[in-house]
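Chemist: Once you've had a glance at the structure underneath, I'll fire off some questions.
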Amino acid sequence: YTMGGLDVDKDGALELPGLFAAGECACVSVHGANRLGGNSLLETVVFGQLVGAAAMRYVQGLGSTGPASNVLDAAAAEVEGHIQGLLTREDGEKVACLRDEMRQVMFEKVGMFREGGPMQEAVAKIRELKERMSQMNVGAKGRRYNLELIGALELPAMLELAEATAVGALTRTESRGSHFRRDFPERDDTNWLKHTVARWTPEGPQLEYKPIVITKWQPETRRY
């Protein structure tokens, strides 16, 4: 489970026109810095219906102004070229090895309890893996039920998300909700009562921040 996700409005719409998200991949900001147990199913049911209806209204309003077929054909050709490159490369990095290295560094250095030094090491490691990823080798050459190929297509997005997670956590010098830093154990509402928004750039995630809208329930310190 994640408690972040794509930054969407109450209808599940992103800034990119025509893109909608709901459930675990979306962040509608109904949970705060942590989520109560069982809320994931409730969120999926509620926003699945709302977002589905909003997406339908969007498509109905397009009429004949939808994306031109040549744009879609070009995008498909780019993906096909990438797949062909993965399948024809004979030597290089193994997908499973890269994925396991990513999993290990995130588990050890960006886990439940975090510190600045290890997270800096994690960011450096993730960026190293992104460089090595350009030489991935898919041993299985088939195109049907090729789990290794699927893994090779998924890994770039996983590394982007890992880097955004680590950079965002490293920058937030406080503890809040499920984000706990041993080197900054206290919550800091003066500087950090805000959402972290990561935008993709070729150089890595660009962090921005937006204010938190507080209505009925005021943020409180977690006490047991």
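Chemist: Got a sec? Which of ARG89, ARG99, ARG103 is out of contact with any Lys or Arg (no Cβ under 7 Å at 6 or more places or on another chain) and open to solvent by 100 Å² or more (accessible area, probe 1.4 Å)?
Modeler: ARG103
Chemist: In the stretch 1-37, which residue that is of a type in the set (A, V, I, L, M), over 16 Å from ALA54 (Cα atoms) and in contact (Cβ under 8 Å) with a residue 40 or more places away in the chain is least open to solvent (accessible area, probe 1.4 Å)?
Modeler: Top of the filtered list is ALA33.
Chemist: Follow-up. Pairs only if they're at least six apart or on different chains, beta carbon under 7 angstrom, first in the stretch 92-104 and under 14 Å from ALA157 (Cβ atoms) and touching a residue at least 12 places away in the same chain (Cβ under 8 Å), second of a type in the set (Val, Ile, Thr) and assigned to a helix (DSSP H, G or I); list them, first residue then second.
Modeler: Note: pairs meeting the criteria are MET102/ILE126.
Chemist: What number of residues within the stretch 192-220 satisfy the criterion of being open to solvent by less than 80 Å² (accessible area, probe 1.4 Å) and either among the polar types (S, T, N, Q) or over 25 Å from ALA166 (Cα atoms) (or both)?
Modeler: Going through the stretch 192-220 one residue at a time, the tally reaches 3.
Chemist: Also: Among (1) open to solvent by less than 40 Å² (accessible area, probe 1.4 Å); (2) at pLDDT 90 or above, there is one condition GLY81 misses while meeting the rest; what is its number?
Modeler: For GLY81, the exception is condition (1).
Chemist: For the stretch 122-141, how many residues are open to solvent by 40 Å² or more (accessible area, probe 1.4 Å) and within 9 Å of GLU163 (Cβ to Cβ)?
Modeler: Looking only at that region, the number is 2.
Chemist: Take VAL51 and tell me if it is modelled with pLDDT of 90 or more, of a type in the set (A, V, I, L, M) and over 18 Å from the mean Cα position of the chain (by Cα).
Modeler: Answer is yes for this residue.
The values are calculated or read from the model by the stated rules, or taken from the named source; none is laboratory data. Remember, it's a predicted structure, so these values are computed and weren't measured experimentally. Here the Cβ is made from the backbone with ideal geometry for all residues, glycine too, and neighbour counts use every protein chain on show. Please note that ligands, DNA and RNA were not included when accessible areas were found on the heavy atoms of the full protein model with its side chains. Shrake-Rupley method; radii C 1.70, N 1.55, O 1.52, S 1.80 Å.
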